[in-house]
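Worksheet: the structure to be examined is printed underneath.
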Amino acid sequence: MGELLRRYWHPFAAVAEVDELGIKPVRLLGENLVAFKSKNGSYGLIDRQCPHRRADMLNGIIEDDGLRCSYHGWCFASSGQCLEQPFEDIANPKARFKDKIRTKAYPVEAKAGMLWAYMGPQPAPLVPNWEPFTWSNGFQQIVFADVPCNWFQCQENSCDPVHFEWMHRNWTSVLKGDGSYGPTHLELAFEEFEFGHIYKRVREDTDKDNPHWTVGATALWPNAFFLGDHIEWRVPVDDENTLSVTWMFHRVPADREPFVQERIPYWTGPVKDEKGEWITSHVMNQDIVAWVGQGTIADRTQEHLGKSDWGIVMMRRSFEANMKLVEAGEGDPKAVIRDAEFNKCVELPIKHKELFTASMTLEESRRLGDTLQYRINRPDYQHQVGQPEAVKREYQIAMGMIPEDATETI
């Protein structure tokens with residue numbers, strides 16, 4: 001599985017985060033690394049340990065063209081090439097020892113307010129430019145969570161429509177003291193397409209003319225879930241930990257256009273409360289409870305799958321086929337993009353697209369969302385707990401909910 005995942009780009013940090021910190025520790029696909037931004041504006045992702053005497057590069061010195069180890073001054077470019085060895089360059093310049101030294105390094109690209117890493121063989125494919133990344137007049141934010149379980153059981157959730165009925169509707173009702181149950185699923189369909197899998201559903205309160213059936217929702221290959229206004233990635237940290245990364249888009253009201261966001265904010269939400277109990281108040285937090293509850297690595301030999309799990313079966317078979325393809329060296333696996341023209345805008349199935357692309361007032365967007373049973377553009381962040389007050393204020397100003405000079409949020 002690891003060799004397959006290395007054929008894809010993975011988001012691992014927010015651009016603004018590394019811009020502000022300068023250096024950030026990163027654990028990705030089981031490797032300990034450091035991300036940094038050189039003074040010349042380029043980003044790098046290199047081995048956390050210096051190849052000289054294994055000092056921690058997290059304590060490095062940022063230079064114009066790379067990162068310098070603070071122990072003995074060896075400096076490395078984002079390519080991993082050693083640029084300078086201060087004493088060696090003086091003591092034996094003819095040896096050019098630095099030319100023989102490289103540290104492990106991976107390509108980094110910035111897109112949609114996130115930094116992406118590619119850890120596979122060259123030549124690297126393109127970072128997918130998903131259609132929502134091309135939208136304008138939107139307030140964006142990047143939301144993280146550290147999830148203590150394997151990434152794959154998180155991703156399987158992306159092709160599991162019935163859990164919405166029980167976890168996010170019925171269980172939420174019980175937790176809030178209501179206890180009423182929502183509409184039951186009556187029919188499901190699963191399809192595979194070039195960039196993942198799509199599930200479609202009919203509930204008691206919908207029919208086959210509803211976008212839940214005509215468009216569906218997308219389990220985006222290999223490790224994401226796409227729901228129109230946001231994409232959720234389940235990034236493998238190692239076999240037992242996952243970094244949840246959400247890119248969220250909020251279309252600003254017509255009276256706020258044109259809107260240009262100079263900096264995309266980021267934040268990390270908690271998964272447990274101050275008592276050490278799992279948080280269950282928000283959709284993403286409920287999902288995390290389900291994922292972690294399956295065990296650090298889910299034991300699938302103990303499962304009993306039913307018809308509602310057909311999408312998960314399809315996904316598992318697709319992963320197995322693509323792992324075999326990579327092992328055999330038979331070309332690119334599924335959803336790898338190398339055509340620059342095609343990648344200018346990679347279209348996806350999008351329910352309620354008008355909510356995210358059409359110009360309308362705040363109240364019009366809310367009314368339309370309510371009509372479509374998609375609660376949108378409210379004061380609070382509804383998907384995950386923990387949004388900082390500063391980000392909330394920035395969002396509410398962008399959406400015209402509070403004035404530019406407001407010091408308090410609603």
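Picking from 188, 368, 33, which is most flexible by a Gaussian network model of the chain using Cα springs under 10 Å?
368
In whole percent, and with a 1.4 Å probe on the protein chains, what portion of the accessible area of region 1-118 is carbon and sulfur?
Ligands and nucleic acids excluded, carbon and sulfur reach 48 percent.
Distance check, please: which entries in 37/324; 111/392; 100/324; 104/344 exceed 25 angstrom between their Cα atoms?
Beyond 25 Å: 37/324; 100/324; 104/344.
What percent do you get for the relative contact order of the chain when only Cα pairs under 8 Å and 6+ apart count?
RCO, the chain: 18 percent.
Quick one: grab the alpha carbon gyration tensor of region 191-266, order the square roots of its eigenvalues as a ≥ b ≥ c, and give me rounded if a/c is under 1.5, else prolate or oblate depending on whether a/b is larger than b/c.
oblate
For region 319-410, run through the trypsin sites (Lys or Arg not before Pro) and keep only the ones in DSSP coil with at most 14 other Cβ atoms within 10 Å of their Cβ.
Taking region 319-410 and a limit of 14 other Cβ atoms within 10 Å, the loop trypsin sites (Lys or Arg not before Pro) found are 338, 375.
How long is the gain from residue 65 to residue 168 if the chain were fully straight, where each residue apart is worth 0.36 nm and the alpha carbon distance is subtracted?
32.2 nm
Scan the chain and note any complete DSSP helix (H) whose C-alpha atoms cover at least 18 Å along its axis and whose Kyte-Doolittle average is 0.0 or more.
Taking the DSSP H segments of the chain (at least 18 Å long, mean hydropathy at least 0.0), we get 310-328.
Using +1 at the C-beta of Lys and Arg and -1 at the C-beta of Asp and Glu, which of 1, 69, 85 has the Cα lying farthest in the positive direction of the dipole of region 1-118?
The residue sitting most towards the positive pole is 1.
Would you mind working out the accessible area per residue for region 1-118, using a 1.4 Å probe, and quoting it in Å²?
45
Quick check: from the Cα gyration tensor, does region 111-230 come out rounded (a/c under 1.5), prolate or oblate?
Since a/c reaches 1.5 and a/b is larger than b/c, the shape of region 111-230 is classed as prolate.
Placing +1 at every Lys and Arg Cβ and -1 at every Asp and Glu Cβ, with all other atoms neutral, what dipole size does the chain have around its Cα centre, in debye to the nearest 20?
The calculation lands at about 900 debye.
Helix-only estimate, please: 222 nm mean residue ellipticity of the chain, summing -39500 (n - 2.57) across DSSP H runs of length 4 or more and dividing by its residues, to the nearest 500.
-5500 deg cm²/dmol
Once the mean 1/r over all distinct Cα pairs of the chain is inverted, what Kirkwood radius in angstroms do you read off?
Taking every pair of different Cα atoms in the chain, averaging 1/r and inverting gives 23.2 Å.
Mind listing P(r) for region 1-110? All alpha-carbon pairs, 5 Å bins, whole percents.
That works out to 2, 13, 23, 24, 17, 11, 6, 3, 1, 0, in percent per bin.
List the cysteines of the chain that have no other Cys Cβ closer than 4.7 Å: which are they?
75, 82, 149, 154, 159, 345 - these cysteines have no disulfide-compatible partner (Cβ-Cβ under 4.7 Å) in the chain.
Pick from 91, 290, 105: which residue has the top mean-square fluctuation in a GNM of the chain where Cα pairs under 10 Å get a spring?
In this elastic network of the chain, the residue with the biggest mean-square fluctuation among 91, 290, 105 is 91.
Could you tell me what percent of the accessible area of region 203-277 is made up of carbon and sulfur, with a 1.4 Å probe and every protein chain present?
It is 44 percent, rounded to a whole number.
The values are calculated or read from the model by the stated rules, or taken from the named source; none is laboratory data. This one's a predicted model, so the numbers in the text were calculated from it and none came from an experiment. Every residue, glycine among them, receives a Cβ derived from its backbone with ideal geometry; neighbour counts consider all protein chains shown. Protein only, heavy atoms only, side chains kept; ligands, DNA and RNA dropped before computing areas. Shrake-Rupley method; radii C 1.70, N 1.55, O 1.52, S 1.80 Å.
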